[in-house]
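What follows is one structure encoded as structure tokens, with my remarks underneath.
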Amino acid sequence: MAKRKRQKWFRSGVWWNKIRLNRKHKDRLFRYLFKDKKYLLDLYNALHGSNYTDPEELEVVTMEDVIFMKMKNDLSFMIDSRLSLYEHQSTWNPNMPLRGLSYFSQQYEGMLGMDDADVYGRTRIDLPTPEYIVFYNGSGMPEDQRILYLSDSFSMGRGSGCLECACKIININRGHNRELMDKCHRLWEYSEFVSEVETNIQRGMRREEAIQSAMNHCIERNILTDIFKSEKSEVLHMIFLTEYDEKKHLRHTFEEGREEGREEKLMEMIRKKHAKGKSPEVIAEELEEDLETVRGMLKR
């Protein structure tokens, strides 16, 4: 059966492939917009009322993907004796504090290893103060801010047990936290773009069309023009890139391993038969393998 060609259509100077959208395109765009230390520092200043001006005072310590991309933090950095973790969420998740605990424990463990610190020693080890903030633009949160606690997950409820991790949720949907948006123009721009996309979808547009229309809308109003004009192709690729498929990766890895094992077993049989004085032609016939394959393995 012939494969169907992937459909395309033309919109505003760009050919769009009809491929599955990355469900986490909002998260990826958020990281993309704040990867520049200048904008990340502006966001930090807006949240804390500080006035740092040198982006180099901010040390990015974002962890790489681990455990098959199951634990990916958005933005992590150190400044002012704080270890800050900023994440973006577009779907509600009550387990954010648990993620934060896992993240900070790994970061502290790494810091102790780098400093060769002795946790059993008599000297107290100084640690940067952890701060966990999630920027949320999903539904179901009418208030501007909310705090989730790890102890809410404990069987005995909030405040019980000897561990705690607080996660501050900041609503960045259009119309929320206006004072913060006024202080951090980049965050406001991001909020406007995402809100415009969702508005277009509610009007009946396909998501691809909604995103393109929102980009044009923002360019006309000088919102994120530095990104959508000069880096448009990269942004489009980021938004539309099909998300990482863990099951597909595992299946592919398994199949590769199985094929490698089969090849090793075949080579072993060929060498044993050849050691008994059998010719490549006889071996190929007995094993029902291609003659060139047998000869190639004998040359290895």
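Structure summary
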read-out	value
Restricting the stretch 139-205 to chymotrypsin sites (Phe, Trp or Tyr not before Pro) in coil, as DSSP defines it, with at most 15 other Cβ within 10 Å	F154
For the stretch 17-244, share of DSSP beta bridges that run antiparallel, in % to the nearest 5	50 percent
Volume in Å³ per residue [convex hull over Cα atoms, computed for the stretch 17-244]	162 Å³
Residue-span extension gain [K168 to H274] - 0.36 nm each, minus C-alpha spacing	31.2 nm
Which of I169, L43, N137, positive extreme of dipole for the stretch 17-244 (C-beta unit charges)	N137
Taking the stretch 17-244 and dividing mean pair separation by its residue count, relative contact order in percent (alpha carbons under 8 Å, at least six apart)	22 percent
Where trypsin sites (Lys or Arg not before Pro) fall in DSSP loop in the stretch 69-131, at most 15 other Cβ within 10 Å	K70, R122, R124
Estimated FRET transfer efficiency when R0 is 25 angstrom, pair E231-E179 (beta carbons, to 0.05)	0.25
Inter-label distance, nm, simple model (7 Å from Cα along the C-beta direction), T91/N45	3.7 nm
Label-to-label distance, nm, for residues given as E286 and S105 (7 Å Cα→Cβ offset)	5.7 nm
Those GluC sites (Glu not before Pro) in the stretch 130-168 that DSSP places in a loop and that have at most 16 other beta carbons within 10 Å	E143, E164
Y132 long-range amide H proximity, modeled H, under 5 Å	L85, K168
Under 5 Å, built H, 5+ apart or other chain: amide partners of V60	M78
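Any read-out appearing in this document is the output of simple, stated calculations on the displayed coordinates, not a laboratory observation. Nothing here was measured: the structure is a model prediction, and the numbers come from that model. Cβ coordinates were reconstructed from backbone atoms using ideal geometry, including for glycine residues, and neighbour counts include every protein chain displayed.
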